[in-house]
Amino acid sequence: MGILPPNKPQVTKDTPRNFFIYGQTMSGKSYLAERFPNPFFLNTDGNAEANVAPSVQLKNERNANGTAGKTIIEQIDELMLALQTENHSFETVVIDVIDDVAFLIEQAVCLKAGVDALADIPYGKGYATFNSVFMAMVMELKALPLNVIYVSRAEFRTDDNGAETEIPSLRQKYYNTVNGNCDLVIHTKKIGTKYLRSITDKRKDYFASKINDPKILQILKAIPGALTPEPQPKQTTKAGN
């Protein structure tokens, strides 16, 4: 059997699988992520055991002499291999939070090189290594037959008129990499006792009739702006009217 696909139209699948969720602390980010089907959390905030969903704590380990032990880079490689090859029932992988993962990868590169900062590694090799590892992680996650959710904190940006806008706290260059591989960006916010969710960016219009996963469809129906209203059939008029 050849590797080329049959030369015939295929039935398209229009279900978003990659999501970026950001918001202030206690705004419902992780709660929303837990609503996705059969989630598995890659946790960085020390609360892995506090999650209802199964989780693993991501971290950099040091040897007794202070040198690098097992780093987040090796840990993520092992987890990606396990998700690809082991028999499991997870349908969603959640990175909570991606801001910390970026910092831990940067720290791991520095630990391995025995330096304090990426800039201390000659010829830009520190930055090149970080970019390679970070991009590889994002691409491997996207290639998994799973839903992928990146959770990020939020910060405020003030424009020239003094107006404040809440934006992801993930550094812009890292956000560009992650967002470029996501389908929907969801902003969570808590006002009083109400938890609000909104869509701030989307890859395309998503129609309920074209989403083939009922679990994802149910989640998106509860988020204003996630789904685009179905196009109405054009009205035709009879001749003479």
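What follows draws every value from the coordinates through simple rules; no lab data is involved. From a predicted model like this one, the values you see are computed outputs, not experimental measurements. Reconstructed Cβ throughout: ideal geometry from the backbone, glycine too, with neighbour counts over all protein chains shown.
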Considering only L42, L79, L146, give the residue with the highest GNM mean-square fluctuation for the chain, with springs between Cα atoms whenever their separation is below 10 Å.
L79
Compute a Gaussian network model of the chain, connecting alpha carbons closer than 10 Å, and tell me which residue from R35, R17, R157 fluctuates the most.
R157
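Which pairs in the list K59/K202; K173/K194; K190/K215; K59/K142 are over 29 Å apart, alpha-carbon to alpha-carbon? Don't skip to the answer; put the middle values down first.
Working: K59/K202 31 Å; K173/K194 32 Å; K190/K215 24 Å; K59/K142 22 Å.
Pairs exceeding the cut-off: K59/K202; K173/K194.
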Counting only other residues whose beta carbon sits under 12 Å from that of T67, what net charge do I get with K and R as +1, D and E as -1?
+2
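What is the sum of charges around I199, taking Lys and Arg as +1, Asp and Glu as -1, for the other residues whose C-beta is under 15 Å from the C-beta of I199?
Details: positive: K29, K189, R197, K202, R203, K204, K221; negative: E166, D183, D201, D205.
Combined, the nearby Lys, Arg, Asp and Glu give +3.
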With the chain treated as a Gaussian network of Cα nodes joined by springs under 10 Å, which of N131, N65, N179 yields the largest mean-square fluctuation?
N65
Positive dipole terminus of the chain, leading residue within L220, Q10, T67 (C-beta point charges):
Q10
Region 18-221 - convex hull of the alpha-carbon atoms, volume per residue in Å³
161
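Which whole-number value in Å³ per residue fits the convex hull of the alpha carbons of region 143-204?
124
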Any number yet on Rg/Rh for region 1-131, C-alpha, Kirkwood?
1.07
Which percent of Cα-Cα pairs in region 162-234 sits in each 5 Å bin, short to long?
3, 12, 19, 21, 18, 14, 8, 3, 1, 0
